[in-house]
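Since the structure comes first, as structure tokens, the remarks are kept for the end.
The values are calculated or read from the model by the stated rules, or taken from the named source; none is laboratory data. For clarity, every value in this text was computed on a predicted model and none was experimentally measured. Cβ sites come from the backbone with ideal geometry, for glycine too, and all protein chains shown count toward neighbours. Only protein heavy atoms, including side chains, enter the accessible area calculation; ligands, DNA and RNA are left aside. Shrake-Rupley method; radii C 1.70, N 1.55, O 1.52, S 1.80 Å.
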Amino acid sequence: MSLDKPKISIIVPVYNTANYLEECLDSLVNQSLEDIEIICIDDKSEDNSPKILEKYASKDKRIKVLYNKENTGQAIARNIAMKSVKGEYIAFMDSDDKVDLDGYEKVLNFCEKNNLDMVLFDVVRFDKKGIIGGSELHEKSIQKESKKTSILEDMEFVYDTSPCNKLIKTSLIRDNNIEFIDKLYEDLLFSMELFCSTDSVGVLPDVKYYWRRRRDGQNKSTTQNRTNKKNIADRIFIINKIEDLFKSNEKYDCLLDSYHFKLLEIDYRLFIDQIDIGDSDYRAFIIETIKPIIENYPKELFENLSMINKIKYDFLIEDKIDELIYIREKERNYNFYSKQNQRLNQEIKTVKSTKGWINYKKDNLTTRFKSKMSKNNGD
């Protein structure tokens, strides 16, 4: 292992994530691949994050901590950190996430064996209770192992918009002058620029990156606040930049239909789905910004959407906002009770299992015994 020339440089921007930071750093310092450097850049945190970083850096020489004098945002923080990279490969991690402990070793071996510029690996969602399920985006893009492909061969890569599930050759980034733009959702454009800079991409679904979902209101990430009008404006700005990128080279024109369908299925839907909880200004903003865009999309793109999403877009285009609000309220209630039923079914399944039934009987016998003793003592 060489501190001067590590194999992989892992960049971790940090801002007010003290509640999750130790779990993130533990997943890095305990990697089976020791030949790494971990560049943490604190973006003027106001919580205990800097002290946690200092504690870990004092125990592990592979950790380098940078401190921003003012809060710059994640994009600029990552760009600053990239200037310090010494590794042959770059990986990114958000400071509330984690990765398989043998993840980077597996990805590196796969990358070098197949002489690749970039390797994609799988993403799963988790929270404080454990794994929730797959990532909707990556269920589309990470379907099977591939030793060498490109976005022109696998157009589902338009869904793969996170830099955190990628191992990237440092030279790919530097030779093509790729950096993060100073906007929310900067990840989306950065990832598409990577895909448009190489035809040597591998896919390794065996390795998992764990993407945290913050459920408590005070600790929600910025991009989880989907009724914020600036969030929508920034996302549409990035969406347009990606469209310009595909149009800038004739060979990527073929990606536009796949990209537009992805926008209907994911990006625009995320904001339309908040229309029942957003205020009147939010609803007006949706009508003014998203409606004019989707009105110009070919009708056949909508045909492949689910029926419920097709109806939502129909209502938006036809200015039937009350109907759109109504259908979202019904859908939200259905999703709530569906999750409740899933939990109940799981409990029933557990009780019906041999071990579950034994525990159920033991608990019942204990309760009945305590109740009987209580009555006897009362007499």
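Summarising the label geometry, the points placed 7 Å from Cα in the beta-carbon direction at Asn333 and Leu256 lie 4.3 nm from one another.
Calculated FRET efficiency, Lys69 to Lys229, Cβ-Cβ distance, R0 = 41 Å: about 0.90 to the nearest 0.05. For segment 8-123, the per residue solvent-accessible surface stands at 41 Å², with DNA, RNA and ligands left out and a 1.4 Å probe. Restricting segment 21-102 to trypsin sites (Lys or Arg not before Pro) that sit in a DSSP loop and have at most 12 other Cβ atoms within 10 Å of their own Cβ leaves Lys61, Lys69, Lys83. A Förster radius of 35 Å combined with the Cβ-Cβ distance from Asn115 to Val29 puts the calculated FRET efficiency at roughly 0.75. At full extension, Leu305 and Leu270 could sit 11.2 nm farther apart than now, given 0.36 nm per residue minus the alpha carbon distance. For segment 52-152, the list of chymotrypsin sites (Phe, Trp or Tyr not before Pro) that fall in a loop by DSSP and count at most 12 other C-beta atoms within 10 angstrom is empty. Segment 157-180 and segment 71-144 have Cα centres lying 10 Å from one another.
Dimensions of segment 84-215 based on its C-alpha atoms, expressed as ranges along the principal axes with the largest first, amount to 41, 33, 30 Å.
Pairs spanning more than 27 Å between alpha-carbon atoms, out of Lys147/Lys169; Lys7/Lys59; Lys55/Lys128; Lys64/Lys208; Lys230/Lys299: Lys230/Lys299.
Distance between the modelled labels on Asp281 and Ser84, one decimal in nanometres: 3.8 nm (7 Å Cα→Cβ projection). Label-to-label distance, Asp60 versus Lys320, with points set 7 angstrom from Cα along the beta-carbon direction: 5.5 nm. Please sort by residue number the GluC sites (Glu not before Pro) in segment 263-324 whose DSSP state is loop and whose Cβ has at most 11 other Cβ atoms within 10 Å. Those that pass, being in a loop and sparsely packed, are Glu295, Glu318.
Given a Förster distance of 45 angstrom, what is the FRET efficiency for Asp4 paired with Asp47, based on the Cβ-Cβ distance and rounded to 0.05? It comes out at approximately 0.85. Identify the residues of segment 130-148 with backbone N under 19 Å of a label point that sits 7 angstrom from the Cα of Asp206 along the Cα-to-Cβ direction, or state none. Label zone hits: 142-148. For segment 169-305, taking Cα atoms only, Rg and Dmax work out to 16.9, 48 Å respectively.
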